[in-house]
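This report concerns only the one structure given below.
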Amino acid sequence: MINIIRLVLNKNKEKMMAYLQYFNYKKHTKDIYDPKIIINEVQDYILKNQLYGLFVDDLMIGFLVIKKSRKFDIDDEDEKVETFYIQEVFIDINMRGRKLGKILIDYALLLCPVNKKYVSLMTYEGNIMVNIAKSMGFVLQNKASVCPVNKLLFIRKMNDSDFVKNSIRNTATL
């Protein structure tokens, strides 16, 4: 079984898988969701190159939504700081327990631009993402997030060694 992470393409088959996975994601959150809104959101993520799918062969088993920039009030800073924002991470319920969520977060860290000092993600109490984030160096902030559903804000401060590691990985694949 070979896992590949890549941008979700604007093709019918991939859009349908993305709609299904995003719908499943929304069912697990405490967020209110509407199928029409889900279709519009997923389409927007695809067109803006923000939706990455985790594929086994040609089947999407999870996804990652990234926004390159979002400001947050974080601990130890007086003003809002610019972060590389991991908006959503989801692994199909049938594929959980295989460290695939960690793989997606690691991939997001690989994409973090050098000019960003912080990576952010929000989640809700009781989500497995809380444990994954903590294991990957994210720190739960005392300040609540701005989201009424995903109230927990996690921040990871990037350091030079993260970017060196990412550069070595990227150049090794060329």
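Quick notes on this structure:
- Residues in region 80-105 that are closer than 14 Å to Ile66 by Cα and either touching an Asp or Glu at 6+ places or on another chain (Cβ under 8 Å) or of a type in the set (Val, Ile, Thr) (or both): Thr83, Ile86, Val89, Ile105.
- Residue match in region 7-25 (condition: among the charged types (D, E, K, R), under 24 Å from Ser120 (Cα atoms) and surrounded by fewer than 16 Cβ atoms within 10 Å (Cβ to Cβ)): no
For (1) without any contact (Cβ under 8 Å) to a residue 40 or more places away in the chain; (2) among the hydrophobic types (A, V, I, L, M, F, W, C); (3) surrounded by 13 or more Cβ atoms within 10 Å (Cβ to Cβ), each residue gets a yes or a no:
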| residue | (1), (2), (3) |
| --- | --- |
| Gln43 | yes, no, yes |
| Tyr52 | no, no, yes |
| Leu59 | no, yes, no |
| Leu64 | no, yes, yes |
| Asp78 | yes, no, no |
| Val81 | yes, yes, yes |
| Met95 | yes, yes, yes |
| Ile103 | no, yes, yes |
| Leu110 | no, yes, yes |
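- When residues of region 112-153 are limited to those that are among the small types (Gly, Ala, Ser) and surrounded by 15 or more Cβ atoms within 10 Å (Cβ to Cβ), the one farthest from Thr29 (Cα to Cα): Gly137
- Counted residues, region 66-76 - those being free of Cβ contacts under 8 Å to residues at least 40 places away in the same chain and surrounded by 15 or more Cβ atoms within 10 Å (Cβ to Cβ): 1
- Residue within region 15-32 that is free of Cβ contacts under 8 Å to residues at least 60 places away in the same chain, in a strand (DSSP E or B), under 21 Å from Asn150 (Cα atoms) and β-branched (Val, Ile, Thr) present: no
Only the coordinates and a few stated rules stand behind these numbers; no lab work does. A quick note: this is a predicted structure, and the numbers were derived from the prediction, not measured. Note that we place each Cβ from the backbone using ideal geometry, even for glycine, and neighbour counts take in every protein chain shown.
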